[in-house]
1. What's the number of the condition residue 33 fails, among (1) modelled with pLDDT under 95; (2) under 16 Å from residue 98 (Cβ atoms); (3) touching an Asp or Glu at 6+ places or on another chain (Cβ under 9 Å)?
2. Please tell me if residue 68 is among the β-branched types (Val, Ile, Thr) and crowded, with 17+ Cβ neighbours inside 10 Å.
3. Applying the selection to segment 90-114, what residues are in contact with a Pro (Cβ under 8 Å, 6 or more places away or on another chain) and either at positive phi or surrounded by fewer than 17 Cβ atoms within 10 Å (Cβ to Cβ) (or both)?
4. Scan segment 39-58 and report the pairs whose first residue is free of Cβ contacts under 8 Å to residues at least 24 places away in the same chain and whose second residue is assigned to a strand (DSSP E or B) and hydroxyl-bearing (Ser, Thr, Tyr), with Cβ atoms within less than 7 Å and a gap of 6+ or a chain change.
5. If you go through segment 31-89 one residue at a time, how many are part of a loop (DSSP other than H, G, I, E, B), under 22 Å from residue 111 (Cα atoms) and β-branched (Val, Ile, Thr)?
6. State yes or no: is residue 117 in a helix (DSSP H, G or I) and either touching a residue at least 40 places away in the same chain (Cβ under 8 Å) or of a type in the set (Lys, Arg) (or both)?
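The values are calculated or read from the model by the stated rules, or taken from the named source; none is laboratory data. Owing to the predicted nature of the structure, the values given are computational and were not obtained by experimental measurement. Note that we place each Cβ from the backbone using ideal geometry, even for glycine, and neighbour counts take in every protein chain shown.
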Amino acid sequence: MMQMAIYNLTIPGEPVSKARPRVGVGGAYTPAKTKNYETLVKEMFYYTHGSLLLDGPIFAVIKAYFPIPKSESKKKRSLMATEIYYHTKSKDVDNIAKAILDSLNGVAYHDDKQVARLVVEKFYSETPRVELMLSVMEQYQN
């Protein structure tokens with residue numbers, strides 16, 4: 001399977017996972033933190049790449065980088081800052097992906113159901129951020 005165009009985006013700040021809808025007096029609503037993050041992702045992608053509306057199956061790679069906890073020892077903090085050190089606390093990878101992929105509906109692609117392959121990883125870093133890579137995959141032809 002061959003990939004064609006590749007689109008990269010870096011979203012600064014600590015990754016935000018998609019929160020469950022809340023129910024209030026006016027009905028169900030998306031929490032403000034989730035809504036604001038999805039708006040940030042959408043606007044950054046649009047500013048960087050415009051409205052692409054990719055067609056066909058999409059391969060997405062999401063790398064989420066979380067802040068190094070201040071409570072860690074100096075030795076461990078140094079290790080986390082210089083080597084690949086996986087983040088295994090809080091925030092499920094599926095909810096991180098959901099926030100990113102949902103926000104790009106109608107901007108990067110028609111609908112996130114086009115994502116046929118997805119890789120999501122969580123790391124520690126001194127620079128919290130999300131790095132996103134999208135590419136259109138070539139279909140197998142029989």
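1. Exception for residue 33: condition (3).
2. Here the answer is yes, as residue 68 does meet what is asked.
3. Of everything in segment 90-114, just one residue is in contact with a Pro (Cβ under 8 Å, 6 or more places away or on another chain) and either at positive phi or surrounded by fewer than 17 Cβ atoms within 10 Å (Cβ to Cβ) (or both), namely 91.
4. Hits for this filter: zero, empty list.
5. Applying the first criterion (part of a loop (DSSP other than H, G, I, E, B)) to segment 31-89 yields 31, 50-53, 55-57, 68-73, 83-85, 87-89.
Going one step further and asking which of them are under 22 Å from residue 111 (Cα atoms), we end up with 31, 50-53, 55-57.
Narrowing the set further to residues that are β-branched (Val, Ile, Thr) leaves none.
The number of residues fulfilling the criteria is 0.
6. no
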